[in-house]
Ligand code: GLN
């Protein structure tokens, strides 16, 4: 049956390393329950008995949740994240917990204690392998290999859309507050959202309809009714007179010519199909990377304070003093990326630096968000690249030079998280090398119905 097939695929695709934990026995049990249910009273929902995967930074009751870090290697949550609970209540069957960069800090799924996740598109090269993108690379590969119908990722600065782009799947970052963050282990509370990775836009809608909507247990969840999205069949969709903006500032220096051509081609195609495509300006885009990095590090330094070796997670073998126990635990438990962000964040938050960095970055964030508010006076949607090129080779991506520029990966995705608006990455075609090239659509808050309708339209014409 379907679940056995999924589990078989999980074994076959182990070489790409999408999973940290494969939940085989639970999956078989749930699949049996769902079959019995189906025979006695019919399926609970469209997702009943359907295999899904969840990024390993969402709490799952009685199933370890590691954040790909030594710090939480043996952490077994006592509750389900709301997103997981809603999927399980709908009958979806968890196949496994997927790989990520440690605590979702990264854009490659290269910084996991379980090793990197490899891209599935081109293998067996003498130069090594292409990265899956990240930090939800495991989720993207679980979907791209057909191991599961959908996977949940998280998106703080692009972590769902980036691997979706590199792996050629659909990746949705919903409006901040539309999907509950309860049980998503926080990276940057003011930007984190659960993301959805699927092979088609219609599949994405099914998952969004299941997980979206108010959660009283998440204070940032928006208390307004969520109306389930129903997209018409592709041939009934129309984009006549839809105003689509092309932001000038997203033409950054490092944009590959292939992505630029793809972007221009699709813009022209949409115009031909009746949309009104116009150039718009979002002047603060260029400050987004620096601003993000300051705010990210500040929130990280505060979020990571809970991992002290006392309450839960890893504890170092150090008994000389409490202070030394903290220090040793954190030195061994976290990788260099996490430690560096904690140190930088603490520096920015020192009372003498607070205004110079943190308050200033908050102001710049407001300007970036205002760019979006202003642009909606001119257009209804934005069309941009998701990533600046196709997937890089692992060996290039982890080289020292590139490490320093890693944030550039998120150039087109981060401003969206600063503003909280929804965005979706959709695969368009293959590059000359044979790797996926994708574009991103961005809409105003809670415009998911229109955003996904346009995404489906594009999916259908490319
Ligand atoms: N690459 C970004 C970072 O490392 C975004 C990560 C994410 O969205 N989780 O912070």
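Read-outs throughout are calculated quantities, based only on the coordinates presented, and are distinct from any laboratory measurement. These figures come from a predicted structure and were not determined experimentally. When we count neighbours, we look across all protein chains shown, and the Cβ atoms used for this are built from the backbone with ideal geometry, even at glycine.
Indicate the gyration tensor shape class of the stretch 336-462 (rounded, prolate or oblate), computed on the Cα atoms with a ≥ b ≥ c the square roots of the eigenvalues: a/c under 1.5 is rounded; otherwise a/b larger than b/c is prolate and the rest oblate.
Taking the square roots of the gyration eigenvalues as a ≥ b ≥ c, the stretch 336-462 is oblate.
Summary of the geometry: the stretch 77-138 and the stretch 273-340, compared by the centres of their Cα atoms, lie 18 Å apart. When 272, 433 are sorted by how many other C-beta atoms sit within 10 angstrom of their C-beta, beginning with the fewest, the order is 272, 433. For the pair residue 64 and residue 398, label points projected 7 Å from Cα toward Cβ lie 2.2 nm apart.
Using just its DSSP H runs of length 4 or more, each adding -39500 (n - 2.57), the chain gives a mean residue ellipticity at 222 nm of -11000 deg cm²/dmol after division by all residues.
Taking label positions 7 Å along the Cα-Cβ direction at both residue 373 and residue 278, the computed distance is 2.1 nm, reported to one decimal.
Each of 21, 147, 322 has some number of other Cβ atoms within 10 Å of its Cβ, and from fewest to most they run 322, 21, 147. For the chain, what is the relative contact order in percent, using Cα pairs closer than 8 Å and at least 6 residues apart in sequence? Normalised by residue count, the contact order of the chain is 17 percent. Projected label points at residue 264 and residue 234, each 7 Å from Cα along the beta carbon direction, are separated by 2.6 nanometres. Once the Cα-Cα distance is subtracted from the 0.36 nm per residue extended length, the residue 28 to residue 461 segment shows a gain of 152.0 nm. Here the Kirkwood formula puts the hydrodynamic radius of the stretch 2-211 at 16.5 Å, using every distinct Cα pair. Where in the stretch 220-260 does the amide nitrogen come within less than 19 Å of the point 7 Å from the Cα of residue 189, taken along Cα to Cβ? 220-223, by backbone N distance to the label point.
Sorted from largest to smallest, which semi-axis lengths in Å does the alpha carbon gyration tensor of the chain give for its equivalent ellipsoid, taking the root of 5 times each eigenvalue?
31, 29, 22
Per residue, the average separation of C-alpha pairs within less than 8 Å and at least 6 apart gives the stretch 174-245 a relative contact order of 31 percent.
Taking 0.36 nm per intervening residue step and subtracting the Cα-Cα distance, what contour gain separates residue 331 from residue 1 on full extension?
The residue 331-residue 1 span can extend by a further 114.2 nm.
At full extension, residue 73 and residue 14 could sit 19.3 nm farther apart than now, given 0.36 nm per residue minus the alpha carbon distance. All alpha carbon pair distances within the stretch 140-221 were sorted into 10 Å bins beginning at 0; the resulting P(r) in whole percents reads 20, 51, 26, 3. Estimated from the Cβ-Cβ distance and a Förster radius of 51 angstrom, the FRET efficiency linking residue 39 and residue 113 is about 0.75. By other beta-carbon atoms within 10 Å, ranking 166, 250 with the fewest at the front produces 250, 166. Based on C-alpha pairs under 8 angstrom that are at least 6 apart in sequence, the stretch 293-415 has a relative contact order of 24 percent.
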